[in-house]
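Worksheet: the structure to be examined is printed underneath.
All of the numbers you see were taken from the coordinates with simple rules; none came from a lab. All values derive from a computational prediction rather than experimental measurement.
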Amino acid sequence: RGTRLATYAARCIENEILMHLRVTKRRRSEVSIYDPIGYDREGNEIMLIDVLGSEPNVIPDQVVAREEVELLHKELRILAPKERKVLELRFG
């Protein structure tokens, strides 16, 4: 009522994407870098991030952000060209 079709369509598309991301998030079997993988001699938990080697300037937030962007691009490829164009125009 009183909303434009483009606004309604954008919200529907956004909702579908969010629902799809929720479903795929449940299905994926990725391991968090903060998951405990064992204990050291003193009994402290050892997390995966503690044993992973990385460049000094790479921080976990950047890694997570990069993975999310890659996932978004992957999911966008599934959409029809028209739907993809709407999202690109809406969100840049």
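Side notes on the structure shown:
- Length gained when the stretch Tyr34-Arg77 is fully extended (0.36 nm per residue, less Cα-Cα span): 12.5 nm
- Per residue, the Cα convex hull of the chain amounts to 155 Å³.
- In percent, rounded to a whole number, the relative contact order of the chain is 23, using alpha-carbon pairs under 8 Å and six or more apart.
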